[in-house]
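Each remark here refers to the structure printed beneath this line.
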Amino acid sequence: MHVLFVHPNFPAQFGHIARHLVQRFGHQCTFLSEKPEGQTAGVRRLQYKSAGGARKETHYCARTFENQMWASHAVFDALARRPDVQPDLIVGHSGFMSTLFLRQLYCCPIINYFEYFYRIVNSDIDFRKDLPPCSTMDRLRALARNATILLDLENCDAGYCPTNWQRSRFPEIVQSKLTTIFDGIETELWRPLEDAQLPIEGLPIPDGARVVTYVSRGLEAMRGFDVFMKAAKRICDRRPDVIFLVIGEDRVAY
């Protein structure tokens, strides 16, 4: 069986699945992303490049849709130039681009990964009551960001969400099309090491030290980084034997 995974990043949520299908079951897996072409653990990597995107003149609420359509077209073009790619199954992330156009290339099932459905109440926009409220335009944009997601919901053969909570964010009328499948954790890689000595940036971690970690793509309020810093201050004031390790970029992703 030939499985085509589509995601702007690699390995993202699909890399370990593709590797598992190749190594354990002998399936052929192709991964299309914005990353350079190559091969990783038997998974062939192909690249797509968007030729455009939203401009300043694009309506604020339509910019996400505009960017996703450019990416979706780039995905279509990249695969149209590769007649050697003939998948039996397509798995795509319906958040950055759409698999909508791939129906014009392939007659095979499409499964979409649905990570989030945008809402303006009890959502990412308003859950931090201690932060300044979002502007009216940001709230309106949140509603419009569901456009591509709804297109993919109608177009795909099946969809899945990583948690029950994320699935519950979608309209009840489409939840029957969504299954909860946890992303999983590679416990062979992410596991405690016995008697491990792990210097960080050349700084050894003393025996008996208490280590508190914070790991995130962006050190931002959406991911609670400011709350972590307040908690770290309280811990530091009470314990002299604690080392804090923060991993992430000083940027806002959400």
Seminar exercise, completed: Of all DSSP beta bridges with both partners in segment 158-254, the antiparallel percent, nearest 5, is 10
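Could you sort 69-78, 197-206, 89-98 so that the peptide with the highest average Cβ count within 10 Å comes first and the rest follow in order? Working shown, then result.
Values: 69-78: 20.0, 197-206: 8.7, 89-98: 23.5.
Going by the mean number of other Cβ atoms within 10 Å, highest first, we get 89-98, 69-78, 197-206.
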Seminar exercise, completed: For segment 116-173, dividing by residue count, accessible area per residue (probe 1.4 Å) in Å² works out to 58
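Would you calculate, for the chain, the mean residue ellipticity at 222 nm contributed by helices, counting each DSSP H stretch of 4 or more residues as -39,500 (n - 2.57) and dividing by all residues, to the nearest 500?
-8000 deg cm²/dmol
Output the relative contact order of segment 109-217, whole-number percent, from Cα pairs under 8 angstrom with separation of 6+ residues. Walk me through the intermediate numbers first.
Working: 90 pairs, mean separation 28.3, N = 109.
RCO, segment 109-217: 26 percent.
Share of segment 118-192's accessible area from carbon and sulfur, percent, 1.4 Å? Kindly include the intermediate steps, with their values, before the conclusion.
On the way: 2940 of 5000 Å².
Ligands and nucleic acids excluded, carbon and sulfur give 59 percent.
When only Cα pairs under 8 Å and 6 or more residues apart are kept, what is the percent relative contact order across the chain?
Details: 379 pairs, mean separation 32.7, N = 254.
Normalised by residue count, the contact order of the chain is 13 percent.
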Problem set entry | Antiparallel DSSP beta bridges within the chain, percent to nearest 5 | 10
Exercise. Taking the highest mean first, how do the peptides 207-213, 220-226, 40-46 order by number of other beta carbon atoms within 10 angstrom per residue?
Worked result: 40-46, 220-226, 207-213
Exercise. Among the aspartates and glutamates, which fall within straight-line cross-link reach of Lys233, defined as a Cα-Cα distance under 15 Å, with same-chain neighbours fewer than 8 residues apart omitted?
Worked result: Asp241
Seminar exercise, completed: Kirkwood calc, segment 23-143, C-alpha pairs only, radius in angstrom 16.8
For this session: Identify all aspartates and glutamates with a Cα-Cα distance to Lys177 below 15 Å; exclude those on the same chain that are fewer than 8 residues away in sequence.
Result: Glu115, Asp152, Glu154, Asp157
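Grab the other residues whose beta carbon is less than 11 angstrom from that of Phe65, score K and R as +1, D and E as -1, and report the net.
Here the charged neighbours net out to +2.
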For this session: Among the lysines, select those whose C-alpha is under 19 Å from the C-alpha of Lys35, and discard any that sit fewer than 8 residues away in the same chain.
Result: Lys49
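The values are calculated or read from the model by the stated rules, or taken from the named source; none is laboratory data. Predicted, not measured: the structure shown is a model, and the values here were computed from it. Cβ sites come from the backbone with ideal geometry, for glycine too, and all protein chains shown count toward neighbours. Protein only, heavy atoms only, side chains kept; ligands, DNA and RNA dropped before computing areas. Shrake-Rupley method; radii C 1.70, N 1.55, O 1.52, S 1.80 Å.
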